[in-house]
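For reference, the structure discussed in these notes is given below.
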Amino acid sequence: MGEISQNLAGIRERIRGASESCKRDPAGIRLIAVSKTVSFGMVKEAHAAGQRAFGENYVQELVKKADILANLDIDWHFIGHLQRNKVKYVIPIVKSIHSLDSIRLAEEIEKRAPQPLNCLIEVNLAGEGTKTGIDPAGLPGLIQAVKGMSKINLTGLMTIPPYDADPENSRPYFIKLRELMNKINDEKLYARPLAELSMGMTFDLEIAIEEGSTFVRVGTGIFGARG
Ligand SMILES: *Cc1c(COP(=O)(O)O)cnc(C)c1O
């Protein structure tokens, strides 16, 4: 086994172990391999080891990888900050966008998408520290706007907690994201109940799974440290 397939097996085992310890069905947790800055060859290796969902942060890199790897059955997820003028390049490629964070971005997706596109709203729960994601106070307004858009299929929420060496410190953010989704569903703010929580990375995926994650986004745990 190559290193990437070994790493992947290890991450799958961590997902299985975490879901078992909190009595969740591991099938309810999808692994997104975050391939930003990673070579085409390494993506191919992960694909050969059975991985199908990949996450990219940068539009130019996504477009290039999707083109070069077009013969592979890959589901691309866009997980980075998305500028409105780049939406048109992303839409034909991706299965979902995890980083919807403004009404203006939603309007651009609505204008450009030929068919409904799965989107998750990125929520900035840390306040000043990070620059991406919508403030929780802005969530109801964004959801209200998206509700009237036929090309956006809102499926859930995403967050990136501030980095902290102790994964336990991610837990309050994961709990908060789940509570926000439950509140949105209880108050029927959207046309359909939201079901996806995109949370958890290499170092804190177990905590995220315990708190209800349905998408974990793992980069270094699969591909090694980024250069
Ligand atoms: C880079 C990145 C990840 C993966 O982080 P790792 O610590 O390498 O697992 C997950 N989500 C987002 C949004 C990222 O930018």
Q: Could you tell me what percent of the accessible area of the chain is made up of carbon and sulfur, with a 1.4 Å probe and every protein chain present?
A: 51
Q: Over the alpha-carbon set of the stretch 72-193, work out the extent along each principal axis and list the three values in angstrom, largest first.
A: 41, 36, 27
(Q) For a test of the definition: using alpha carbon positions, the gyration tensor, and the 1.5 limit on a/c, classify the chain as rounded, prolate or oblate. (A) oblate
Q.
Under a Cβ-only charge scheme (Lys and Arg +1, Asp and Glu -1), can you give me the dipole magnitude of the chain about the Cα centre, in debye to the nearest 20?
A. 740
Q | Among 31-41, 153-163, 205-215, the order from most to least packed when residues are scored by Cβ within 10 Å on average | A | 205-215, 153-163, 31-41
Q. Is any helix in the chain, taking whole DSSP H runs, at least 20 angstrom long along its axis by alpha carbon and on average at least -1.0 on the Kyte-Doolittle scale, and which ones?
A. 3-21, 171-186
**Q.** Over the chain: helical MRE at 222 nm, DSSP H runs n ≥ 4 each giving -39500 (n - 2.57), nearest 500
**A.** -11000 deg cm²/dmol
**Q.** Taking only Cα atoms of the stretch 32-79, radius of gyration then Dmax in Å
**A.** 9.3, 25
Q. Within the stretch 133-157, what residues put their amide N at less than 17 Å from the label point 7 Å along the Cα-to-Cβ vector of K188?
A. 144, 147-148
Q. Excluding ligands, DNA and RNA, what is the solvent-accessible area per residue of the stretch 142-227 at a probe of 1.4 Å, expressed in Å²?
A. 43
Q: Return the inverse of the average 1/r over all pairs of distinct C-alpha atoms in the stretch 51-102, which is the Kirkwood hydrodynamic radius, in Å to one decimal.
A: 11.0
Q) Measuring from the lowest to the highest alpha carbon on each principal axis, how far does the stretch 1-74 reach, largest first, in angstroms? A) 40, 27, 20
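The values are calculated or read from the model by the stated rules, or taken from the named source; none is laboratory data. Note that this is a predicted model, so its numbers are computed, not measured. FYI the Cβ positions are ideal-geometry reconstructions off the backbone, even for glycines, and counts take in every protein chain you see. These area figures cover heavy atoms from the full protein model, side chains too; ligands, DNA and RNA do not enter into them. Shrake-Rupley method; radii C 1.70, N 1.55, O 1.52, S 1.80 Å.
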